[in-house]
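The values are calculated or read from the model by the stated rules, or taken from the named source; none is laboratory data. Keep in mind it's a predicted model, so treat the numbers as computed, not measured. No Cβ is skipped: glycine too gets one built from the backbone with ideal geometry, and neighbour counts run over all protein chains shown.
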Amino acid sequence: MSTSRKKPVPAKKPATSRPAGPQTVGLEEIKALIALVGREPFQEFEFEAGDMRFRIRKDGPAPVVSMQAPVLMGTPAVHHLPAPSMPSMPVAPAAPEVPADEPGIHYVTSPIVGTFYRAPNPTSAPYAQPGDFVKPGQTLCIIEAMKLMNEIESDVAGEVVKVLVENGQPVEYGERLFAVRIG
Amino acid sequence: MSAAIKRKGTRPAAVPEGAPPFKKVLIANRGEIALRVILACKELGIQTVAVYSEADRNALHVRFADEEVCIGPPPSSKSYLNIPQVIAAAEVTGAEAIHPGYGFLSENAHFVEVCLACGINFIGPSAEIIRKMGNKAQAKATMQAAGVPLMPGSDGVVETVEEALVVAEQIGYPVIVKASAGGGGRGMRIVNSPEELPDLYHTARSEAKGAFGDDSVYMEKYLLEPRHIEVQIMGDLFGNVVHLGERECSIQRRHQKLIEESPSAALDPDLRRRICETAVRAAKAVGYYNAGTIEFLLDRRGDFFFMEMNTRVQVEHPVTELVTGIDIVKEQLHIAAGRKLSFTQEQVVQKGHAIECRINAEDPFKFTPCPGRITALNFPGGPGIRVDTAMHQDAVIPPHYDSMVAKLIAYGADRSEAIARMRRALDTLVIEGIKTTAPLHRRIMDHPDFISGAFSTKWMEGFIEEMKQDLAGNEVR
């Protein structure tokens with residue numbers, strides 16, 4: 001994720017949502033949407049409403065649905081913004097500088113600002129290596145902030161495919177730390 | 001690694017005479033004040049670190065800082081007010097000092113202590129001073145001991161008519177009897193003489209009983225057409241304290257300042273000297289250092305009373321900068337680095353006149369906030385105009401923070417030139433996509449009361465009424 005000084009990042013679009021306020025999308029609606037995306041000519045579909053956000057892509061062998069908690073928390077006030085009128089239009093990803101996600105890959109992000117460590121101390125083995133299978137709640141790394149060591153746990157089960165930050169480097173809030181293939 | 005926290009651009013050339021006060025400063029704020037501090041740092045050759053919430057990813061303070069760190073989601077409590085996140089951001093970037101701006105953590109004594117414990121320099125006064133001035137009762141006691149005039153009043157609840165008469169005699173008429181549980185004008189009576197006191201005292205009590213279920217009342221001096229006059233103070237760690245003259249901030253609505261100017265049309269040289277010297281005495285009484293402001297209420301007869309002290313840089317600091325030629329933010333940085341004040345009291349001269357209009361993203365007539373996207377933007381320029389803002393074309397004003405979008409500041413050789421420049425600046429200001437209070441300011445600039453300088457803190461109430469009738473009349477036509 002690099003933000004270039006010279007090239008201003010395009011301003012984030014307001015979330016596409018019906019002005020009615022937070023709402024839930026049921027399993028039936030999701031099924032219907034997958035079917036719809038399968039029929040229509042576009043490759044990718046992303047939808048955000050209330051505190052729910054999901055994305056459907058067609059470039060895998062089968063349509064994959066990845067759902068995640070919204071990156072943008074606490075956005076009830078978004079509804080005060082003029083919302084675009086067509087809820088089914090594809091919208092730009094919420095964070096423009098983040099490269100397109102691979103299907104089935106979940107990113108473990110940093111909940112705090114601090115210094116990233118892969119192991120409990122310099123002589124120990126890293127908590128997690130690429131190729132390791134991890135469980136939800138398993139410690140993946142430590143982030144040191146204000147002299148406190150904070151253990152960061154995986155929020156999914158799957159295979160670690162990549163460690164995205166070098167040991168000993170600073171990380172910011174929301175920064176991606178690990179790529180985990182769900183399964 | 002996070003490219004976002006990497007330094008960008010080239011390191012500024014070393015300042016030839018005298019090293020910069022700091023190598024790297026983190027700005028724990030957003031919007032125009034964050035940008036204001038970044039500009040001062042750039043001039044001094046200091047590297048800057050911006051912190052930001054996810055709602056401010058595209059903000060100018062993020063863009064113009066040398067490094068930036070995302071510290072949390074949009075709500076302030078989880079980002080700009082989140083002390084561990086701000087401190088961690090300073091630690092990972094190696095910032096030596098934190099400038100808090102105004103609002104957010106700027107008057108949080110606990111934050112100042114955490115900075116100290118983490119070996120980070122806080123650009124402002126000590127935690128002890130902030131605590132002392134933040135506690136109303138303690139601040140008043142300190143000021144009284146220093147001989148600073150306080151608003152005279154009863155010591156708590158006034159139980160009987162006899163007591164009321166004694167208190168009123170002590171503080172001098174007119175007095176105001178107020179419900180202890182009160183608000184909104186109910187349970188309030190203004191008393192001009194001892195003859196009318198008994199009746200009004202009783203009606204105030206019974207009204208208080210009816211409105212709030214509590215008939216206890218207290219008494220205060222009633223100020224005739226009070227004006228809000230504040231004095232800019234700067235002090236260093238060597239005990240030097242100077243004032244930078246006064247600011248007139250009487251044009252306010254619900255205690256929110258809308259227009260500030262310096263000097264005040266209400267002060268003659270003698271009153272100015274007395275009020276400014278009192279402010280210096282007040283600051284010295286608490287061992288004050290860095291930038292601060294002492295606020296007074298001034299009545300029609302020239303009596304002034306201490307209200308409160310703000311232990312930070314003020315929104316309206318530019319008017320003082322324009323008339324004194326002193327860069328308050330740069331001076332703050334020097335003071336925090338342990339340097340002596342770069343000027344003496346004799347070197348502070350108020351020259352010309354400056355007026356600031358706060359342009360808010362609000363409906364200009366209903367004052368309801370109006371967040372949204374700016375679709376077209378033109379800021380005025382030309383002689384004597386300064387615009388402090390962090391707005392840009394396509395900027396989105398998030399609903400999470402305050403509604404001020406720009407400060408328009410006009411400077412002139414005298415007050416009438418400053419007003420004339422403000423008028424044409426407002427006429428050439430374009431902000432489309434959101435509603436702003438600019439049209440309100442334009443009307444005020446044409447009002448005879450504003451032009452003559454005859455207004456008090458109560459003036460806006462009448463002006464808004466006048467404006468509503470005017471607008472209603474236009475609709476009928």
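Within the bounds of segment B:391-401, is there any residue that is at pLDDT below 95, touching a Lys or Arg at 6+ places or on another chain (Cβ under 9 Å) and of a type in the set (D, E, K, R)?
Yes; the residues of segment B:391-401 include at least one that is at pLDDT below 95, touching a Lys or Arg at 6+ places or on another chain (Cβ under 9 Å) and of a type in the set (D, E, K, R).
With the checklist (1) loosely packed, with under 15 Cβ neighbours inside 10 Å; (2) closer than 27 Å to B:VAL86 by Cβ; (3) more than 9 Å from chain B (Cβ to nearest Cβ) in hand, flag the one item A:GLY131 doesn't pass.
Here A:GLY131 clears every test but (2).
I need the full set of residues from segment A:164-183 which are away from chain B (no Cβ under 14 Å) and either touching a helix residue (DSSP H, G or I) at 6+ places or on another chain (Cβ under 6 Å) or outside any strand (DSSP E or B) (or both), in order please.
A:GLY183
With the requirement that a residue be within 14 Å of chain B (Cβ to nearest Cβ) and under 17 Å from A:PRO111 (Cβ atoms), what does segment A:134-151 give you?
Going residue by residue through segment A:134-151, those that are within 14 Å of chain B (Cβ to nearest Cβ) are A:141-150.
Selection gives A:CYS141, A:ILE142, A:ILE143, A:GLU144, A:ALA145, A:MET146, A:LEU148, A:MET149, A:ASN150.
Select, from B:VAL313, B:VAL349, the only residue that is surrounded by fewer than 17 Cβ atoms within 10 Å (Cβ to Cβ), β-branched (Val, Ile, Thr) and either in contact with a helix residue (DSSP H, G or I) (Cβ under 9 Å, 6 or more places away or on another chain) or within 19 Å of B:HIS255 (Cβ to Cβ) (or both). Write out each step before concluding.
Values: B:VAL313 fails: surrounded by fewer than 17 Cβ atoms within 10 Å (Cβ to Cβ).
Residue meeting the stated conditions: B:VAL349.
B:LEU267 fails exactly one of the following numbered conditions: (1) of a type outside the set (Asp, Glu); (2) surrounded by fewer than 22 Cβ atoms within 10 Å (Cβ to Cβ); (3) under 18 Å from the mean Cα position of the chain (by Cα); (4) more than 24 Å from B:LEU105 (Cβ to Cβ). What is the number of that condition?
The failed condition is (3).
Of the residues B:ILE464, B:ILE434, B:ILE397, B:ILE451, which is closer than 18 Å to B:VAL315 by Cβ and over 20 Å from the mean Cα position of the chain (by Cα)?
Of the residues listed, the single one that is closer than 18 Å to B:VAL315 by Cβ and over 20 Å from the mean Cα position of the chain (by Cα) is B:ILE397.
Run down A:ALA77, A:ALA69 and say which single residue is under 29 Å from B:ILE83 (Cβ atoms), touching an Asp or Glu at 6+ places or on another chain (Cβ under 8 Å) and modelled with pLDDT under 95.
Working: A:ALA77 fails: touching an Asp or Glu at 6+ places or on another chain (Cβ under 8 Å).
Answer to the check: A:ALA69.
Of the residues B:ALA354, B:ALA413, B:ALA406, which is surrounded by fewer than 18 Cβ atoms within 10 Å (Cβ to Cβ) and away from chain A (no Cβ under 14 Å)?
Numbers: B:ALA354 fails: surrounded by fewer than 18 Cβ atoms within 10 Å (Cβ to Cβ); B:ALA406 fails: surrounded by fewer than 18 Cβ atoms within 10 Å (Cβ to Cβ).
Just a single option satisfies the conditions, and that option is B:ALA413.
With the requirement that a residue be assigned to a loop (DSSP other than H, G, I, E, B), touching a residue at least 40 places away in the same chain (Cβ under 8 Å) and under 24 Å from B:PRO74 (Cβ atoms), what does segment A:134-163 give you? Break it down into steps so the answer makes sense when it comes.
Looking only at segment A:134-163, we keep the residues that are assigned to a loop (DSSP other than H, G, I, E, B), and these are A:135-138, A:146-147, A:154-157.
Add one more test, that the residue is touching a residue at least 40 places away in the same chain (Cβ under 8 Å), and what stays is A:154-156.
A:ASP155, the sole residue that qualifies.
Would you check which residues across segment B:145-165 are part of a helix (DSSP H, G or I) and closer than 30 Å to B:ILE275 by Cβ and list them?
Within segment B:145-165, just B:ALA145 meets the criteria.
Being among the basic types (Lys, Arg) and within 14 Å of chain A (Cβ to nearest Cβ): is that true of B:ARG339 here?
Answer is no for this residue.
May I ask you to list pairs of residues, at least six apart or on different chains, whose Cβ atoms are under 7 Å apart, with the first in segment B:381-394 being away from chain A (no Cβ under 14 Å) and the second being of a type in the set (Asp, Glu)?
Going by the 7 Å Cβ cut-off, the qualifying pairs are B:ASP388/B:GLU32; B:THR389/B:GLU32.
Counting just the residues of segment B:421-477 that are of a type in the set (Gly, Ala, Ser) and within 22 Å of B:LEU377 (Cα to Cα), which one comes out surrounded by the most Cβ atoms within 10 Å (Cβ to Cβ)? Can you show your working first?
Going through segment B:421-477, the residues of a type in the set (Gly, Ala, Ser) turn out to be B:425, B:433, B:438, B:452-454, B:456, B:462, B:472-473.
Imposing the further condition that a residue be within 22 Å of B:LEU377 (Cα to Cα) reduces the set to B:425, B:433, B:438.
Working: B:ALA425: 26, B:GLY433: 19, B:ALA438: 20.
If we take residues in segment B:421-477 being of a type in the set (Gly, Ala, Ser) and within 22 Å of B:LEU377 (Cα to Cα), then B:ALA425 is surrounded by the most Cβ atoms within 10 Å (Cβ to Cβ).
I'm trying to understand the selection: among the residues of segment B:53-76, which are within 8 Å of another protein chain (Cβ to nearest Cβ), in contact with a Ser or Thr (Cβ under 7 Å, 6 or more places away or on another chain) and acidic (Asp, Glu)?
Of everything in segment B:53-76, nothing turns out to be within 8 Å of another protein chain (Cβ to nearest Cβ), in contact with a Ser or Thr (Cβ under 7 Å, 6 or more places away or on another chain) and acidic (Asp, Glu).
Restricting the search to segment B:85-123, which residues are part of a loop (DSSP other than H, G, I, E, B) and either of a type in the set (Asp, Glu) or more than 14 Å from chain A (Cβ to nearest Cβ) (or both)? Write out each step before concluding.
First, pick out the residues of segment B:85-123 that are part of a loop (DSSP other than H, G, I, E, B): B:94-96, B:100-108, B:118-120, B:123.
Of everything in segment B:85-123, those that are part of a loop (DSSP other than H, G, I, E, B) and either of a type in the set (Asp, Glu) or more than 14 Å from chain A (Cβ to nearest Cβ) (or both) turn out to be B:GLU96, B:PRO100, B:GLY101, B:TYR102, B:GLY103, B:PHE104, B:LEU105, B:SER106, B:GLU107, B:ASN108, B:ILE123.
Which of the residues spanning segment B:44-74 are among the small types (Gly, Ala, Ser) and either part of a loop (DSSP other than H, G, I, E, B) or over 21 Å from B:PRO21 (Cα atoms) (or both)?
B:GLY45, B:SER53, B:ALA55, B:ALA59, B:ALA65, B:GLY72
Name the pairs whose Cβ atoms lie under 8 Å apart, with the first residue in segment B:227-252 and closer than 23 Å to B:ILE123 by Cα and free of Cβ contacts under 8 Å to residues at least 60 places away in the same chain, the second among the polar types (S, T, N, Q) and assigned to a strand (DSSP E or B), and 6 or more positions between them or separate chains?
Matching pairs, first to second residue: B:GLU246/B:GLN232; B:GLU246/B:SER262.
Out of all the residues in segment B:65-123, which are in contact with a Phe, Trp or Tyr (Cβ under 9 Å, 6 or more places away or on another chain), modelled with pLDDT of 95 or more, among the hydroxyl-bearing types (Ser, Thr, Tyr) and over 26 Å from A:GLY168 (Cβ atoms)?
B:TYR80
Kindly indicate whether B:PHE455 is of a type in the set (Phe, Trp, Tyr), part of a helix (DSSP H, G or I), over 29 Å from B:VAL329 (Cα atoms) and in contact with a helix residue (DSSP H, G or I) (Cβ under 7 Å, 6 or more places away or on another chain). Please lay out each step first, then the result.
Values: of a type in the set (Phe, Trp, Tyr): yes; part of a helix (DSSP H, G or I): no; over 29 Å from B:VAL329 (Cα atoms): yes; in contact with a helix residue (DSSP H, G or I) (Cβ under 7 Å, 6 or more places away or on another chain): yes.
Criteria not met by B:PHE455.
Say whether the condition of being free of Cβ contacts under 8 Å to residues at least 24 places away in the same chain and crowded, with 24+ Cβ neighbours inside 10 Å is met by at least one residue in segment B:87-99. Steps first, please.
Applying the first criterion (free of Cβ contacts under 8 Å to residues at least 24 places away in the same chain) to segment B:87-99 yields B:88.
Those still in the list that are crowded, with 24+ Cβ neighbours inside 10 Å too: B:88.
For segment B:87-99, residues free of Cβ contacts under 8 Å to residues at least 24 places away in the same chain and crowded, with 24+ Cβ neighbours inside 10 Å: present.
Take residues that are in contact with a Pro (Cβ under 7 Å, 6 or more places away or on another chain) and tell me which of the strands (runs of 3 or more DSSP E) falling wholly in segment B:343-450 contain 1 or more. So that I can check it myself, show each step before the final result.
Working: elements: B:353-360, B:376-378, B:385-389, B:404-412, B:430-432.
Once the strands (runs of 3 or more DSSP E) in segment B:343-450 are filtered for at least 1 residues that are in contact with a Pro (Cβ under 7 Å, 6 or more places away or on another chain), what remains is B:353-360, B:385-389, B:404-412.
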